[in-house]
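What follows is one structure encoded as structure tokens, with my remarks underneath.
The values are calculated or read from the model by the stated rules, or taken from the named source; none is laboratory data. Given the structure is predicted, the values throughout are model-derived calculations rather than measurements. Cβ: placed from backbone, ideal geometry, glycine included. Neighbour counts: every protein chain shown.
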Amino acid sequence: MQRADLPDRKKLHHDVPHWVEDGSLFFVTLNCLERGRDQLTPKAVAEGLLNAARFYHDQKKWHVTHWLLMPDHLHALLSFPREAVMEDLFKSWKRYTARQLGIAWQDGFFDHRLRSAEEESAKHHYIRHNPVRKGLCGSPEEWPHQLRWSGNALIVGG
């Protein structure tokens with residue numbers, strides 16, 4: 001709910017602009033409505049979320065390079081088909097996971113198009129090391145709640 005004494009937030013448009021190359025990679029973050037509580041990494045919920053992300057990948061709605069669950073948010077490196085409307089995809093995906101898994105998501109999402117190999121490497125490192133920085137595991141390879149594209153298949157875990 002917006003407070004009356006604050007200015008209106010600008011609505012961000014999340015479509016992939018026509019001039020962006022096909023296959024461009026985006027860094028995406030989705031947050032739970034309630035922060036600070038473990039909603040995404042209990043085993044059954046995490047499996048459901050990773051399966052739902054894999055389903056969209058298999059349906060070619062997006063291509064997962066990396067998808068990592070944290071207790072109250074997730075980060076992903078994704079590319080989208082030219083005709084994709086990111087806002088519609090995430091709205092649909094969040095609606096499904098909310099109904100099936102009982103997750104209360106924040107409205108919207110954050111996205112940033114990666115413009116260089118250096119940016120891609122930095123975001124990949126940031127995502128992989130997020131659970132380590134938060135003290136949830138000792139190394140990125142230990143974190144089970146992630147999907148990674150490896151060669152020609154999605155693999156689960158670090």
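Which condition number in (1) touching a Ser or Thr at 6+ places or on another chain (Cβ under 9 Å); (2) crowded, with 16+ Cβ neighbours inside 10 Å is the one that LEU101 fails?
(1)
Report, by residue number, each residue of region 58-70 that is assigned to a loop (DSSP other than H, G, I, E, B), crowded, with 19+ Cβ neighbours inside 10 Å and of a type outside the set (A, V, I, L, M).
TRP62
Going by what's in this entry, would HIS18 be described as in contact with a helix residue (DSSP H, G or I) (Cβ under 8 Å, 6 or more places away or on another chain), exposed (fewer than 13 other Cβ atoms within 10 Å of the Cβ) and modelled with pLDDT under 90?
No.
Please enumerate the residues belonging to region 108-158 that are in contact with a Leu (Cβ under 6 Å, 6 or more places away or on another chain), modelled with pLDDT of 95 or more and assigned to a loop (DSSP other than H, G, I, E, B).
Once the filter is applied, which keeps residues that are in contact with a Leu (Cβ under 6 Å, 6 or more places away or on another chain), modelled with pLDDT of 95 or more and assigned to a loop (DSSP other than H, G, I, E, B), region 108-158 yields only HIS145.
So, of the residues in region 28-44 that are buried (at least 19 other Cβ atoms within 10 Å of the Cβ) and more than 21 Å from PRO140 (Cβ to Cβ), which turns out to be farthest from the chain's Cα centre (by Cα)?
Ranking the candidates gives GLN39 first.
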